[in-house]
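Nothing in this text is a laboratory measurement; each read-out follows from the coordinates by a stated rule. In this text the structure is predicted, and so the values were computed from the model without any measurement. All Cβ positions, glycine included, derive from the backbone under ideal geometry; neighbour counts span all protein chains shown.
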Amino acid sequence: MMARTTSCTPATIAGRRARAEQFLEAAELVDVLEDPDQDLAAAYVTLCVHAGIAASDVICCTRLGHHASGQDHTEAVRVLEAADQASSGSLDVLLRLKTPAGYSHKPISGADRKRARRAAISLVERMRTL
């Protein structure tokens, strides 16, 4: 079965690149400015997830000319794997955290927060090399 994808234009690449940078910068601001009495881990992880997805789109656009556009996370990882196998594990980490961070009432663990940070930074740094 073929993954749902969207063709890329230079505007797509520029826009998704800007979003990846914006989401990562926002995550870093949340991390630095977070009050110890607040728990912003879910917001932080969600920003990391969006940074990583946008960076993955740029990687796929640059290498394949298209990026994943469906709701199936497995397919998104597979499309990125075709573009850059080494980066696909980072996207998988982020997509596994997307639902718990964005749609659950359960707290985000410190370990998950660290995993999200590492994965997002890895994808954004990879995007920057392209």
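Considering just Cα atoms, how many Å³ per residue does the convex hull of the chain enclose?
Working: hull volume 12.1 nm³, N = 130.
Cα-based convex hull of the chain, divided per residue, equals 93 Å³.
So what's the angle, to the nearest 10 degrees on a 0 to 90 scale, between helix 110-128 and the longest Cα principal axis of the chain?
Relative to the chain, helix 110-128 is tipped by roughly 30 degrees.
Can you give the calculated 222 nm mean residue ellipticity of the chain, where each DSSP H run of n ≥ 4 adds -39,500 (n - 2.57) and the sum is split over every residue, rounded to the nearest 500 deg cm²/dmol? It would help to have the intermediate numbers written out before the result.
Details: 5 runs with 97 residues, N = 130.
Estimated from H runs of four or more residues: -25500 deg cm²/dmol.
Of VAL49, GLY110, MET127, which is farthest along the charge dipole of the range 5-128 in the positive direction, counting Lys and Arg as +1 and Asp and Glu as -1 at C-beta?
MET127
I'd like the orientation of helix 85-103 relative to the chain: the angle between its Cα long axis and the longest Cα principal axis, in ° from 0 to 90, rounded to 10.
50 degrees
Give me the extension gain from GLN71 to ARG118: residue separation times 0.36 nm, minus the current Cα-Cα distance, reported in nm with one decimal. Kindly include the intermediate steps, with their values, before the conclusion.
Details: separation 47, 0.36 × 47 = 16.92 nm, distance 2.34 nm.
Computed gain between GLN71 and ARG118 is 14.6 nm.
Enumerate the residues in the range 12-42 having an amide nitrogen under 18 Å from the point lying 7 Å beyond the Cα of ARG63 toward its Cβ.
Flagged as within label range: 13-14, 16-17, 20.
Can you tell which of VAL32, GLY15, ALA101 lies farthest toward the positive end of the dipole of the chain, using +1 and -1 charges on the Cβ of basic and acidic side chains (Lys, Arg; Asp, Glu)?
Result: GLY15.
Set the Förster radius R0 to 25 Å, insert the Cβ-Cβ distance between SER109 and LEU29 as r into 1/(1 + (r/R0)^6), and round the FRET efficiency to 0.05.
On the way: r = 21 Å, r/R0 = 0.86.
After rounding to 0.05, the efficiency reads 0.70.
Under the rule that a partner needs its Cβ under 4.7 Å from the first Cβ, which Cys of the chain have none?
CYS48, CYS60
Hey, fewest Cβ within 10 Å first, where do VAL45, VAL30, VAL124 land in order? The partial results should precede the final answer.
Details: VAL45 27, VAL30 18, VAL124 24.
Least to most surrounded, the residues fall as VAL30, VAL124, VAL45.
If you take the square roots of the eigenvalues of the alpha-carbon gyration tensor of the range 3-52 and sort them as a ≥ b ≥ c, do you get rounded (a/c under 1.5), prolate (a/b over b/c) or oblate? It would help to have the intermediate numbers written out before the result.
Details: a/c = 6.50, a/b = 2.37, b/c = 2.75.
Taking the square roots of the gyration eigenvalues as a ≥ b ≥ c, the range 3-52 is oblate.
With +1 assigned to the C-beta of every Lys and Arg and -1 to the C-beta of every Asp and Glu, and no other charges, what is the dipole magnitude of the chain about the Cα centre in debye, to the nearest 20?
On the way: 16 positive and 16 negative charges, 86 e Å.
Rounded to the nearest 20 debye, it is 420 debye.
Quick one: if you stick a label point 7 Å off each Cα along the C-beta vector at GLN38 and ARG78, how many nm between them?
Here the answer is 4.0 nm between the modelled labels.
Just to confirm a number: summing +1 for Lys and Arg and -1 for Asp and Glu over residues other than GLY52 whose beta-carbon lies under 15 angstrom from that of GLY52, what do you get?
Numbers: positive: ARG16, ARG17, ARG19, ARG96, LYS98, ARG113, LYS114, ARG115, ARG117, ARG118, ARG126, ARG128; negative: GLU21, GLU25, GLU28, ASP57, GLU81, ASP84, ASP92, ASP112, GLU125.
That sum, taken over residues with Cβ under 15 Å, equals +3.
Test of understanding: what is the full-extension gain from ARG128 to GLN85, defined as 0.36 nm times their sequence separation minus their Cα-Cα distance?
Values: separation 43, 0.36 × 43 = 15.48 nm, distance 1.64 nm.
Gain on stretching ARG128 to GLN85: 13.8 nm.
Taking springs between alpha-carbon atoms closer than 10 angstrom, which of ALA54, ALA43, ALA119 fluctuates most in the Gaussian network model of the chain?
Of ALA54, ALA43, ALA119, the most mobile in the Gaussian network model is ALA43.
Taking the 0 to 90 degree range and rounding to the nearest ten, how far is the long axis of helix 10-33 tilted relative to the main principal axis of the chain, both from C-alpha atoms?
Value to nearest ten degrees: 10.
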